[in-house]
1. Please state, to two decimals, what the Cα-based radius of gyration of the protein assembly as shown comes to when divided by 2.2 N^0.38 Å (N = residues).
2. Which whole-number percentage describes the relative contact order of chain A, with Cα contacts under 8 Å and a sequence gap of 6 or more?
3. How much of the accessible area of chain A, probe 1.4 Å, is carbon plus sulfur, in whole percent?
4. Determine how many Å³ per residue the convex hull of the Cα atoms of region B:394-444 encloses.
5. Below 8 Å, C-alpha to C-alpha, sequence gap of six or more: please give me the relative contact order for region B:335-664 in percent.
6. Sequence-distant or interchain residues sharing an amide H contact under 5 Å with A:R229, placed H: which?
7. Quick check on region A:11-249: what does the Kirkwood estimate of hydrodynamic radius come out to from the alpha carbon pairs, in Å?
8. Among bridges DSSP assigns within region A:166-242, what percent are antiparallel (round to 5)?
Amino acid sequence: MPQRDGSAALLEVDGVSLRYGGVAALDDVSFTVGHGEVVGLIGPNGAGKTSCIDALTGFQPIHSGHVRFEGRSLDGTSPHDRARLGFVRTFQSLDLFDDLTVHENLSVAAGTPSWRSTLTDALWPKRSTHDGLDEVVSLVGLNGLLHRRPAEMSNGERHRVALGRALVSRPRLLLLDEPAAGLDTVESAELGRLLRSLPERGTSVLLVDHDMALVMAACNRIHVLDFGRVIASGTPAEVRADRAVVGAYLGTSEGSEVGG
Amino acid sequence: MLAGLGGGAVIASLALGLVLTWRTSRVVNFAHAAMGTYVAYAYFEFRNTGDVVLPVLGLPDRVHLLPTPTLAAALVFALILSAVLGLAVYWLVFRPLRSAHALARVVASLGLYLYFQEITRLRFPTAGATAVVRFPVLPEDTVRIFGTGVSANRLILAGLVLAVTLLLTLVFHRTRFGLATRAAAVNEKGAVLSGISPDRVGAVNWMVASVLAGFAVILIEPIAGLDPATTSLLVVPALAAALLGGLVSFGITAAAGLLIGMVQSLILGYAVRPDTTWIPEWVPVTGLQQAVPVILVLAALAWRGDPLPTRSALVEKPLPPSPTPRRVGLWSAVLGGATVAGLYTFEADLRQALIVSLVYTLLTLSTVVVTGYVGQISLAQMAFAGVAGFVAIEVADNGLPFPLAVLVSVLVATGVGLAVGVPALRVRGMSLAVATMASAVALEQLVIGSSALSGGVGGRSAPRPYLFGIDVGISAPGADNFRPAFGITVLLVLVAACAVVANLRRNPTGLRWLAVRANERAAAAAGIDVARAKLGAFGLASALAGLYGCFTAYATSTLSTTSFLVIGGLVAVAMTYLAGVSSISGAILAGLLAQAGLITTLQSSWGGGEPSDYVYVTSGLALVVVAIVAPEGLTGLARRSVARLFDRPAPEAAVIGGEVSDAAA
Ligand SMILES: Nc1ncnc2c1ncn2[C@@H]1O[C@H](COP(=O)(O)OP(=O)(O)O)[C@@H](O)[C@H]1O
Ligand SMILES: [Mg+2]
């Protein structure tokens, strides 16, 4: 029942809980991401950030609560259908297709198959696929690397492939799980600039990261998770001043880049 | 019901061994019952003659040890032999394969299955239930329980199994050794920390499992008799029991094994009663009995989802890289031209071999699609072929002309393939191999084995095929056999099939297949419908297998169920892996390597080859060796060597993975 409502936020997370066995990883989490926003989701290791991305994108079934995307309920929508709706994620462990070249890694995420296209695939020797790849390639800086395989690339380059693969389908919302893990300061700053430019391309962002400099600089708003609960929300300045946040997170592990 | 206790105890004992080796090495050992069968034959031979029969190719067949062995001596012999077998299999095969892809371990265990089944057949030429002079280990007198008579041996068997179960459970949960095993399965380091070497843990567990299998089969002989092929297939009900126990719980596994045995004997008892009339005559009763564990396997897999997650601590190696097909037109012209030339110039025996290879390539191509490209291990392709072969004859007998009969039966095979593929979507890796093998056994027992379809012992013959009025039959009355017209028909179909597969592989569909193969969750995140990608491949592969079945039907004067045995299906998968599972060239090489195909025929006509008796044994051995030393298969090896010859400066993966310039287009 897609109910389109002009005033609705792009993503509405409403009372989502997630359990592994009996252990609650997310407890009644609610927040929104508006059109054109870059929103940060931070918290100490094990706070439930990755679990939150898994829950929103359908990779983990949620225990209770609702997720709405562009005013449309995502209950019962499979992960690949969410991706096709323009709700795309990356993985903390990148999960590139190691058998495929960079070009193939990107192009595999570009097209939407149909019975007709499968039939042409079977009967036609080689179709060319250029669905907006060039633009993304230069956006994330993969020129000249298209025929390499992930195994032959540096960590920073692999991160750019993951980002590029997520961007080729021109998503409405991009969920990034620690995209700066293992990047040096220069690469991280570059990533920040790139993320801030995404809303102009029509892509809003939900950013999970440990690199506080990146999160504070790139985000309009920040939600803070601890033990599966949202303990604070606000602008970077507000969050930085929040005592609960300082206690739970900033005071203890600022600058830590150890993935959780 | 209690009569099934004996069979159940044997199934339970085999299943306990499967759980043990799974918990140790994350291997579903398809060769488990085949190893036990070998031990049992060797035991009876030793008891009768005092000869030790060696299962190693190249060593002398037998060594005389004792003039008149006693029961105790024979039992000690069986204990030592089975322990040594278990140790050898662990040390030489599965220890080196610890971190290999699941398919490599499946292939290795299939290779062992072939090897042990065939070496049993070769070493005990009179093999068969009646040939074994029995010296029962357990008393045969009848005991009365609840008013029914039960042989004492069945009760003792059940008691023994329960004792073993209790012992295993205690050892696993109460001792440092058990802790080390559990730790080793998750994480090698954990086992090291517990102070016991993981290698020693693995060796002991494999020996125990092998002993359990050996004694189980020795003890089932008075109940069910022995036969190298059927006894080796006891692994299927044992797998059902082990899967019901989640491949973890010894207690549930043993209980499930006992229950399966009792249900099987109930079905048999019920189905053969004269007043049981509702079961139609064409349903094979033994098939029904065999189908129960199979249906249980499938239900257990579907219910548990995936009980066999991929190992976390040791990173699994990926499947061999899949090169992008290039110059398909050129290759088709060259190979097709050579084939036509061969068909018109060869003598009859080589023409036959060429046709066998052409037809077989359709089957190996189906494995390349579903396993090589999409990473789904299907052991049921031969069963789909069997269904198609007999359906083709059935509809052709009812008047449907040749190309339409082929079309209909291919559609039926595709439907059956999809029906097996849908529940298989919930499982992957090893458990998919188990599920598809179970489906293959079910199809063989219930559908292909049904006399209504396959014509019973007499078999069936396809009517002569005509294409646009031209006789394309394989033989003609009065004329020479193995006619080129039939070969060319198969060749055209094969070239078209290869072209379709090559096109799909080069286009976005094939990229999605490779993405699913590489990483399912990343594929889903990239918007790929993983279930649909797998089903599409399953459908195409079943259609190809169906083509193989049809042309086998038209190429065979009397088609019987022996053309489509489960074991033959295992050989086909194994040969494809051997040749190179992720490329079309691998499928073609596997076709050439087929039994009675071009290469084996040339080999034996030049006199240097092995007698054909040894084909299965040597291919079993070859499989194990290739799985360990050259997981990319022979074509992959060749491709890499050629690349090295021209000294391309790219790293290994890129060179095997196809041309660097490919994606530039
Ligand atoms: N698959 C899983 N099964 C059980 N527990 C899990 C699983 N994944 C994560 N957890 C637990 O859930 C909590 C949140 O983990 P995660 O979402 O990865 O945190 P973060 O990404 O914030 O570091 C942790 O305590 C973690 O141990
Ligand atoms: Mg995380």
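1. 1.02
2. Over chain A, the number comes to 26 percent.
3. In chain A, the share of accessible area belonging to carbon and sulfur is 51 percent.
4. Cα convex hull per residue, to the nearest whole number: 77 Å³.
5. Computed over region B:335-664, the figure is 31 percent.
6. A:D27
7. Every distinct Cα pair counted, the radius reaches 18.6 Å.
8. Antiparallel bridges: around 50 percent, rounded to the nearest 5.
The values are calculated or read from the model by the stated rules, or taken from the named source; none is laboratory data. Just so we're clear, the structure is a prediction, and the values are computed from it rather than from any experiment. Counting neighbours? That spans all protein chains shown, and the Cβs are built from the backbone with ideal geometry, glycine included. Ligands, DNA and RNA are stripped out before the accessible areas are found, and what is left, the full protein with its side chains, is counted by its heavy atoms. Shrake-Rupley method; radii C 1.70, N 1.55, O 1.52, S 1.80 Å.
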